[in-house]
Amino acid sequence: MLLFAVPAFGQSDLPVFGNLSEIKGKAPFYFVADDSRVREVLAQELKLSPTPDPKDAEVFVEYKVLAREETNSIWGQLETGELRVYYYRDKKQIVVWSESLKDVAVPKGTPRKLAKKLKSALKKSSK
């Protein structure tokens, strides 16, 4: 019986999913991305000035590259990226928006398109 109980302990680290409207009025934002150019794109597209220190943030916007693949096109690579928006409540990560997209890996292509989708979702949630 103990064998079945062990996996349940790891599940407490799973994120909780919330609603995008939960971040209304929260600030400042912190952008998480391996590439500083991606952080700049997020700031430009979302028209936000992020805090430089994650300790000061209330909301996190995180971009991750999930996969890259070579193509035979003139564009070179395809990139699958994910943009996730979350905050913390009672030491739990509350994910309020997440989307992934596969696009041509031109500089900043995938993160820019995902940021535009997030911007549109933010507008809809504030109505």
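The values are calculated or read from the model by the stated rules, or taken from the named source; none is laboratory data. What you are looking at is a predicted structure, and each value in this text was computed from that prediction instead of being measured. FYI the Cβ positions are ideal-geometry reconstructions off the backbone, even for glycines, and counts take in every protein chain you see.
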Failed condition for Val85, given (1) under 24 Å from Ser120 (Cα atoms); (2) part of a loop (DSSP other than H, G, I, E, B); (3) of a type in the set (Val, Ile, Thr): (2)
In region 40-61, the residues that are on the phi < 0 side of the Ramachandran plot, of a type in the set (D, E, K, R) and touching a helix residue (DSSP H, G or I) at 6+ places or on another chain (Cβ under 9 Å): Glu45, Glu58
Residue match in region 106-116 (condition: assigned to a helix (DSSP H, G or I), touching a helix residue (DSSP H, G or I) at 6+ places or on another chain (Cβ under 8 Å) and of a type in the set (Ser, Thr, Tyr)): no
Every pair of residues 6+ apart whose Cβ atoms lie under 6 Å, when the first sits in region 40-63 and is touching a residue at least 40 places away in the same chain (Cβ under 8 Å) while the second is in a loop (DSSP other than H, G, I, E, B): Val41/Lys108; Tyr63/Ala33
Region 23-39: number of residues that are in contact (Cβ under 8 Å) with a residue 12 or more places away in the chain and surrounded by fewer than 16 Cβ atoms within 10 Å (Cβ to Cβ): 6
Within region 1-47, considering residues that are over 25 Å from Lys113 (Cα atoms) and either touching a Gly at 6+ places or on another chain (Cβ under 7 Å) or in a loop (DSSP other than H, G, I, E, B) (or both), the one modelled with the lowest pLDDT: Met1
